[in-house]
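Inspection log for the structure reproduced underneath, given as structure tokens.
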């Protein structure tokens, strides 16, 4: 069995893309930057 501490987990976030495709949702530029910064702070490498 593989040691879980040696596995890399990669998270791809689609909040900005999928969020704005939801009816009634529109992120301002400031909100988009805040979301992207928060995701970066927790280690998300790729944001769509």
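Okay, here's what the table says:
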quantity: Qualifying position, being surrounded by 10 or more Cβ atoms within 10 Å (Cβ to Cβ) and either on the phi > 0 side of the Ramachandran plot or modelled with pLDDT under 90 (or both), among 13, 40; calculated: 13
quantity: Where a residue in segment 15-26 is within 21 Å of residue 37 (Cα to Cα) and its partner, wherever it lies, is assigned to a loop (DSSP other than H, G, I, E, B), with Cβ under 7 Å and at least six apart; calculated: 16/27; 16/48; 17/48; 19/25; 19/27; 20/26; 20/27
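The values are calculated or read from the model by the stated rules, or taken from the named source; none is laboratory data. Keep in mind the model is a prediction, meaning the values are calculated, not measured. Every residue, glycine among them, receives a Cβ derived from its backbone with ideal geometry; neighbour counts consider all protein chains shown.
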